[in-house]
1. Given the -39500 (n - 2.57) contribution per DSSP H run of 4+ residues, what per-residue ellipticity at 222 nm results for the chain, rounded to the nearest 500 deg cm²/dmol?
2. Would you check the accessible area of S90, probe 1.4 Å, heavy atoms only, in square angstrom rounded to 10?
3. With a 1.4 Å probe and every protein chain left in place, work out the accessible area per residue of segment 27-85 in Å², rounded to a whole number.
4. How many angstrom lie between the C-alpha centres of segment 65-101 and segment 20-36?
5. Counting only protein heavy atoms, what percent of the accessible surface of the chain is carbon or sulfur at a 1.4 Å probe?
6. With charges only on Cβ, +1 for K and R and -1 for D and E, what is the dipole size of segment 93-200 about its Cα centre, in debye, rounded to 20?
7. Report the label-to-label distance for A82 and Q70 in nanometres (one decimal), using points 7 Å from each Cα along the Cα→Cβ vector.
8. Would you mind giving the three semi-axes, in whole Å and largest first, of the ellipsoid equivalent to segment 10-54 according to its Cα gyration tensor?
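The values are calculated or read from the model by the stated rules, or taken from the named source; none is laboratory data. Predicted model only: the values in this text are computed from it and were never measured. Using ideal geometry, Cβ is built from the backbone for each residue, glycine included, and neighbour counts are taken over all protein chains shown. Surface accessibility is based on the protein's heavy atoms, side chains included, excluding ligands, DNA and RNA. Shrake-Rupley method; radii C 1.70, N 1.55, O 1.52, S 1.80 Å.
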Amino acid sequence: PLMNDSDIVLDDGKATKIRRGNVRARLRMITLFNLAAKNRGLVGSTDNLSERQAGFWTLAGDIGNCAPIQSLTKSWEVPALAVLNGVPTSTVRATPTDGLGIDAGDEAQLGCSYLEWDLIARAVGEAAQAGMTPDALAQALGISEPSDRAKFDAVLSRMKATWFKRMDPVNLPHPLDDRYGLVERTDHRLFVPRSFARNI
(Lines give C-alpha, C1' and ligand atoms only; values in the text may rest on other atoms or scores of the structure.)
Protein backbone atom coordinates (compact mmCIF):
# COMPACT_ATOMS: atom_id res chain seq x y z
CA PRO A 1 0.00 0.00 0.00
CA LEU A 2 1.07 3.60 -0.62
CA MET A 3 2.09 5.72 2.34
CA ASN A 4 0.69 9.14 3.07
CA ASP A 5 2.58 11.97 4.71
CA SER A 6 0.54 11.33 7.85
CA ASP A 7 1.93 7.78 8.00
CA ILE A 8 5.53 9.01 8.37
CA VAL A 9 6.72 9.32 11.96
CA LEU A 10 9.78 11.51 12.33
CA ASP A 11 12.17 10.61 15.12
CA ASP A 12 12.99 13.82 16.98
CA GLY A 13 14.54 12.25 20.06
CA LYS A 14 17.76 13.37 21.72
CA ALA A 15 19.99 10.86 19.88
CA THR A 16 18.58 11.95 16.52
CA LYS A 17 19.10 15.63 17.33
CA ILE A 18 22.70 14.92 18.27
CA ARG A 19 23.31 13.04 15.02
CA ARG A 20 21.73 15.81 12.96
CA GLY A 21 23.81 18.41 14.78
CA ASN A 22 26.98 16.42 14.14
CA VAL A 23 26.16 16.25 10.42
CA ARG A 24 25.69 20.05 10.35
CA ALA A 25 29.01 20.59 12.15
CA ARG A 26 30.83 18.32 9.70
CA LEU A 27 29.26 20.02 6.68
CA ARG A 28 30.31 23.37 8.13
CA MET A 29 33.89 22.14 8.43
CA ILE A 30 33.89 20.92 4.81
CA THR A 31 33.03 24.47 3.80
CA LEU A 32 35.56 26.10 6.13
CA PHE A 33 38.46 23.83 5.16
CA ASN A 34 37.64 24.33 1.48
CA LEU A 35 37.69 28.12 1.89
CA ALA A 36 40.88 27.95 3.94
CA ALA A 37 42.59 25.90 1.22
CA LYS A 38 41.37 28.31 -1.45
CA ASN A 39 42.72 31.30 0.46
CA ARG A 40 45.86 29.58 1.81
CA GLY A 41 44.61 30.04 5.34
CA LEU A 42 43.88 28.08 8.49
CA VAL A 43 40.62 27.09 10.15
CA GLY A 44 40.31 28.31 13.71
CA SER A 45 38.61 26.32 16.46
CA THR A 46 36.47 28.11 19.02
CA ASP A 47 36.34 25.27 21.55
CA ASN A 48 37.65 25.90 25.05
CA LEU A 49 39.19 23.78 27.81
CA SER A 50 35.87 23.05 29.51
CA GLU A 51 34.35 21.76 26.27
CA ARG A 52 37.47 19.74 25.55
CA GLN A 53 37.35 18.06 28.96
CA ALA A 54 33.63 17.36 28.50
CA GLY A 55 34.05 15.96 25.00
CA PHE A 56 31.57 18.65 24.00
CA TRP A 57 32.38 18.87 20.32
CA THR A 58 31.86 16.95 17.09
CA LEU A 59 34.68 14.76 15.85
CA ALA A 60 35.73 16.01 12.39
CA GLY A 61 33.28 18.85 12.83
CA ASP A 62 34.43 21.46 15.35
CA ILE A 63 38.20 21.21 15.38
CA GLY A 64 40.21 23.33 12.99
CA ASN A 65 43.95 23.83 12.46
CA CYS A 66 44.53 26.10 15.44
CA ALA A 67 42.66 26.55 18.71
CA PRO A 68 43.54 29.93 20.25
CA ILE A 69 41.25 29.63 23.30
CA GLN A 70 41.37 25.87 23.96
CA SER A 71 43.43 26.38 27.12
CA LEU A 72 40.84 28.76 28.63
CA THR A 73 37.95 27.80 30.90
CA LYS A 74 34.39 28.47 29.76
CA SER A 75 33.20 29.65 33.17
CA TRP A 76 35.24 32.82 33.52
CA GLU A 77 38.34 33.06 31.30
CA VAL A 78 36.48 32.98 27.97
CA PRO A 79 33.86 35.52 29.14
CA ALA A 80 36.62 37.75 30.56
CA LEU A 81 38.49 37.64 27.24
CA ALA A 82 35.25 38.45 25.43
CA VAL A 83 34.61 41.49 27.65
CA LEU A 84 38.19 42.71 27.12
CA ASN A 85 37.62 42.50 23.36
CA GLY A 86 34.35 44.42 23.39
CA VAL A 87 31.93 41.55 22.82
CA PRO A 88 28.39 42.75 23.66
CA THR A 89 27.20 41.91 27.18
CA SER A 90 24.12 40.14 25.78
CA THR A 91 26.42 37.72 23.97
CA VAL A 92 28.75 37.21 26.93
CA ARG A 93 25.83 36.45 29.26
CA ALA A 94 23.81 34.35 26.81
CA THR A 95 22.90 30.83 27.92
CA PRO A 96 25.59 28.52 26.48
CA THR A 97 24.04 26.14 23.98
CA ASP A 98 25.30 23.72 21.35
CA GLY A 99 22.56 24.85 18.96
CA LEU A 100 21.00 21.38 18.76
CA GLY A 101 17.93 22.21 20.82
CA ILE A 102 18.76 19.52 23.36
CA ASP A 103 17.70 20.18 26.94
CA ALA A 104 17.94 23.76 28.20
CA GLY A 105 21.48 24.43 27.02
CA ASP A 106 24.97 23.10 27.70
CA GLU A 107 24.80 23.16 31.48
CA ALA A 108 21.60 21.12 31.55
CA GLN A 109 23.38 18.49 29.46
CA LEU A 110 26.46 18.57 31.68
CA GLY A 111 24.48 18.23 34.90
CA CYS A 112 26.16 21.25 36.49
CA SER A 113 27.14 24.84 35.74
CA TYR A 114 30.32 25.53 33.78
CA LEU A 115 31.88 26.99 36.93
CA GLU A 116 31.11 23.79 38.85
CA TRP A 117 32.43 21.77 35.89
CA ASP A 118 35.70 23.72 35.77
CA LEU A 119 36.30 23.43 39.52
CA ILE A 120 35.49 19.70 39.66
CA ALA A 121 37.41 18.82 36.48
CA ARG A 122 40.47 20.70 37.76
CA ALA A 123 40.30 18.92 41.12
CA VAL A 124 39.86 15.54 39.40
CA GLY A 125 42.87 16.21 37.17
CA GLU A 126 45.11 17.25 40.05
CA ALA A 127 43.96 14.27 42.14
CA ALA A 128 44.65 11.88 39.25
CA GLN A 129 48.16 13.29 38.91
CA ALA A 130 48.69 12.66 42.63
CA GLY A 131 47.43 9.07 42.31
CA MET A 132 44.22 9.71 44.22
CA THR A 133 41.02 7.87 43.27
CA PRO A 134 37.82 9.83 42.54
CA ASP A 135 36.16 8.43 45.67
CA ALA A 136 39.10 9.51 47.81
CA LEU A 137 38.92 12.95 46.20
CA ALA A 138 35.20 13.24 46.92
CA GLN A 139 35.88 12.34 50.54
CA ALA A 140 38.79 14.79 50.78
CA LEU A 141 36.59 17.55 49.36
CA GLY A 142 33.86 16.73 51.85
CA ILE A 143 31.28 16.02 49.18
CA SER A 144 28.43 14.52 51.18
CA GLU A 145 25.23 16.18 49.93
CA PRO A 146 23.49 14.02 47.29
CA SER A 147 23.12 16.98 44.91
CA ASP A 148 26.84 17.77 45.14
CA ARG A 149 27.77 14.13 44.64
CA ALA A 150 25.47 13.98 41.60
CA LYS A 151 27.38 16.88 40.01
CA PHE A 152 30.73 15.31 40.86
CA ASP A 153 29.62 12.00 39.35
CA ALA A 154 28.22 13.77 36.27
CA VAL A 155 31.64 15.30 35.56
CA LEU A 156 33.42 11.97 36.01
CA SER A 157 30.85 10.11 33.92
CA ARG A 158 31.08 12.53 31.01
CA MET A 159 34.89 12.62 31.07
CA LYS A 160 34.95 8.81 31.12
CA ALA A 161 32.49 8.55 28.24
CA THR A 162 34.46 10.96 26.03
CA TRP A 163 38.15 10.12 26.66
CA PHE A 164 38.54 8.73 23.13
CA LYS A 165 37.60 12.09 21.61
CA ARG A 166 40.55 13.75 23.36
CA MET A 167 42.87 11.13 21.81
CA ASP A 168 41.44 11.37 18.28
CA PRO A 169 42.62 9.58 16.36
CA VAL A 170 43.38 6.67 18.66
CA ASN A 171 46.63 5.38 17.14
CA LEU A 172 47.73 1.82 17.73
CA PRO A 173 51.44 1.59 18.55
CA HIS A 174 53.85 -0.43 16.46
CA PRO A 175 54.84 -3.55 18.44
CA LEU A 176 58.60 -3.06 17.98
CA ASP A 177 59.17 0.64 17.49
CA ASP A 178 58.12 4.02 18.92
CA ARG A 179 57.30 5.37 15.48
CA TYR A 180 54.84 8.05 16.57
CA GLY A 181 57.32 9.34 19.11
CA LEU A 182 60.03 9.51 16.47
CA VAL A 183 57.80 11.54 14.16
CA GLU A 184 56.75 13.88 16.98
CA ARG A 185 60.33 14.42 18.17
CA THR A 186 61.48 15.09 14.61
CA ASP A 187 58.71 17.63 14.06
CA HIS A 188 59.43 19.45 17.31
CA ARG A 189 63.19 19.54 16.85
CA LEU A 190 63.24 20.51 13.17
CA PHE A 191 59.97 22.05 12.02
CA VAL A 192 57.66 23.30 14.78
CA PRO A 193 58.25 27.00 15.60
CA ARG A 194 59.92 27.51 18.98
CA SER A 195 56.84 29.27 20.40
CA PHE A 196 54.82 26.06 19.91
CA ALA A 197 57.51 23.46 20.63
CA ARG A 198 57.37 21.24 23.69
CA ASN A 199 60.36 19.75 25.44
CA ILE A 200 60.39 16.20 24.09
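1. Numbers: 10 runs with 99 residues, N = 200.
Value at 222 nm, helices only, nearest 500: -14500 deg cm²/dmol.
2. 90 Å²
3. Details: 3560 Å² over 59 residues.
Counting only protein heavy atoms, the per-residue value for segment 27-85 is 60 Å².
4. One Cα centre to the other: 21 Å.
5. Solvent-exposed carbon and sulfur of the chain make up 58 percent of the total.
6. Working: 13 positive and 16 negative charges, 97 e Å.
Charge dipole of segment 93-200: 460 debye, to the nearest 20.
7. 2.1 nm
8. On the way: eigenvalues 137, 58, 3 Å².
For segment 10-54, the semi-axes come out at 26, 17, 4 Å.
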